[in-house]
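The values are calculated or read from the model by the stated rules, or taken from the named source; none is laboratory data. Small disclaimer: the values here were computed from a predicted structure and weren't measured. These area figures cover heavy atoms from the full protein model, side chains too; ligands, DNA and RNA do not enter into them. Shrake-Rupley method; radii C 1.70, N 1.55, O 1.52, S 1.80 Å.
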Amino acid sequence: MPSKRKSLMFASASFFSICSFVIICLVLATKNWVSSTISFTSETANTTMLFTYGLFEGQWSATVVNGIAIPETSFQVEDLMNNGTVKSIHILIIILLVFSLLSSFLSAGFTCYNSVSNPYQTFLGPVGAYTWNSISGICIILTLILFAVNVEANELSVQLALKTTSPPSRPYKLSNSYGYSYWIMLLIFLLHAATIIIVVFYQKARYSKRIEQERPMESAPKDGILF
């Protein structure tokens with residue numbers, strides 16, 4: 001049976017991993033990743049479109065100056081993508097989040113197992129916790145970067161706008177505001193970092209205890225050791 005210190009530390013690490021798993025599910029399910037305001041202009045009218053979307057679904061509305069307003073309409077994000085590069089990055093983002101989700105689940109299982117047992121296999125111990133939390137954390141960082149690249153550099157919102165309606169020209173103004181579904185991924189990364197830190201502290205405490213147990217033998221008289 002593990003010591004009380006080990007059980008408490010790995011139980012805390014397991015709790016953080018479970019929180020990460022739940023938040024990733026929330027991130028995948030919600031559609032408040034980014035809100036974009038796009039303004040189109042022509043000789044006859046100015047059109048302002050508002051897009052709010054996530055990885056799978058979104059909503060858009062439009063207001064025409066001195067004209068009619070288009071009510072809020074739902075859409076499927078992937079159905080409106082016609083650029084191969086943008087679509088490939090979008091699919092890669094989803095794959096990375098699925099890997100992160102699975103890694104968080106495995107991390108929760110490994111840390112929970114270590115809180116109630118002393119595994120014989122090395123990978124089932126702290127090494128496994130390091131591995132799964134590192135994989136998930138890297139996937140989260142890559143997701144943050146790739147989504148921002150798709151929105152800013154590849155103008156994902158503009159492509160969606162061009163598919164939902166027939167604007168008069170290219171947008172003369174585009175502003176993006178990232179929502180809680182995007183920024184909460186930083187919390188996921190911090191939870192994984194906290195899990196790794198807990199395991200590191202446990203490893204250091206275990207190493208220090210082992211050194212203290214070896215010191216009496218090193219300092220004992222040689223005659224005493226012989227007998």
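Below, the figures for the structure above:
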{"item": "Accessible area of Lys87 in the full protein assembly, 1.4 Å probe (Å², nearest 10)", "result": "70"}
{"item": "Solvent-accessible area, 1.4 Å probe, carbon plus sulfur percent, for the range 5-110", "result": "65"}
{"item": "Area accessible to solvent at Thr164, 1.4 Å probe radius, in Å²", "result": "40"}
{"item": "Cα principal axis extents for the range 1-72, largest first, Å", "result": "77, 16, 14"}
{"item": "Pair-distance profile P(r), taking every C-alpha pair of the range 117-159, with 5 angstrom steps and integer %", "result": "5, 20, 15, 12, 11, 9, 9, 7, 6, 5, 2"}
{"item": "15 Å tail of the calculated P(r), the range 74-149, as % of Cα pairs", "result": "62"}
